[in-house]
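Novice: I'd like to ask you about the structure that follows.
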Amino acid sequence: MNKILLIEDNQDVRENTADILELENYTVITAENGKTGVDMAIEHNPDIIICDIMMPVLDGYGVFESLSKNHKTASIPFIFLSAKSEKTDVRKGMNIGVDDYLTKPFEEDELLDAITCRIKKAPF
């Protein structure tokens, strides 16, 4: 069973997304801010990370930068799930090296397809 770390500050979005993923038989670990998310990624070594961008304490860009510099977490597939939907926002995420970028609100199938694709391509 694949393990997903979901980093999202909005409790409703975090819980609803976790429910969707758990119904698909993923093990889901959640974090309510970027700092906690980085700590949990290092501790739990998830198969994939889904992360919001606009969060308190440490934003999604900071999470990605921190995890990219850590040899233990650098190769974990990383998906931004954000309300930032302008082309420049998406391009910024892709330019820094995230594996995928989904905008809120998202379709359940869109999220699940992105996860499936990234897990298949992962080097584990």
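Novice: Condition first: more than 14 Å from the chain's Cα centre (by Cα) and aliphatic (A, V, I, L, M). Can you find one or more residues in the range 1-11 that meet it?
Specialist: So far as the range 1-11 goes, yes, one or more of its residues are more than 14 Å from the chain's Cα centre (by Cα) and aliphatic (A, V, I, L, M).
Novice: In the range 66-77, which residues are part of a loop (DSSP other than H, G, I, E, B) and surrounded by fewer than 17 Cβ atoms within 10 Å (Cβ to Cβ)?
Specialist: Hits for the range 66-77 are 69, 70, 71, 72, 74, 75.
Novice: Ok, one more. Of everything in the range 68-89, what is within 14 Å of the chain's Cα centre (by Cα) and at pLDDT below 90? Give them in sequence order.
Specialist: 82, 83 - these are the residues of the range 68-89 that are within 14 Å of the chain's Cα centre (by Cα) and at pLDDT below 90.
Novice: Report yes if some residue within the range 57-65 is touching a strand residue (DSSP E or B) at 6+ places or on another chain (Cβ under 8 Å), loosely packed, with under 15 Cβ neighbours inside 10 Å and either among the charged types (D, E, K, R) or over 23 Å from residue 1 (Cβ atoms) (or both); otherwise report no.
Specialist: Checked the range 57-65: no residue is touching a strand residue (DSSP E or B) at 6+ places or on another chain (Cβ under 8 Å), loosely packed, with under 15 Cβ neighbours inside 10 Å and either among the charged types (D, E, K, R) or over 23 Å from residue 1 (Cβ atoms) (or both).
Novice: Quick one: is residue 52 open to solvent by less than 30 Å² (accessible area, probe 1.4 Å) and charged (D, E, K, R)?
Specialist: So residue 52 fits the description; yes.
Novice: Exactly one of these conditions fails for residue 44: (1) within 20 Å of residue 114 (Cβ to Cβ); (2) touching a strand residue (DSSP E or B) at 6+ places or on another chain (Cβ under 8 Å). Give me its number.
Specialist: Among (1) within 20 Å of residue 114 (Cβ to Cβ); (2) touching a strand residue (DSSP E or B) at 6+ places or on another chain (Cβ under 8 Å), residue 44 violates only (1).
Novice: Only residues that are part of a helix (DSSP H, G or I), among the aliphatic types (A, V, I, L, M) and in contact (Cβ under 8 Å) with a residue 12 or more places away in the chain: list them for the range 85-103, please.
Specialist: 90, 96
Novice: Now a separate question. Could you please let me know if residue 69 is free of Cβ contacts under 8 Å to residues at least 24 places away in the same chain and on the phi < 0 side of the Ramachandran plot?
Specialist: yes
Quick grid of which residues meet (1) assigned to a helix (DSSP H, G or I); (2) at pLDDT 95 or above; (3) in contact with a Leu (Cβ under 9 Å, 6 or more places away or on another chain):
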| site | (1), (2), (3) |
| --- | --- |
| 12 | yes, yes, no |
| 16 | yes, yes, no |
| 21 | yes, yes, yes |
| 28 | no, yes, yes |
| 37 | yes, yes, yes |
| 41 | yes, yes, yes |
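The values are calculated or read from the model by the stated rules, or taken from the named source; none is laboratory data. Everything quoted here is computed from the prediction, not taken from an experiment. Backbone-built Cβ (ideal geometry, glycine too); neighbour counts: all protein chains shown. Areas reflect the complete protein model, heavy atoms only, side chains present, ligands, DNA and RNA absent. Shrake-Rupley method; radii C 1.70, N 1.55, O 1.52, S 1.80 Å.
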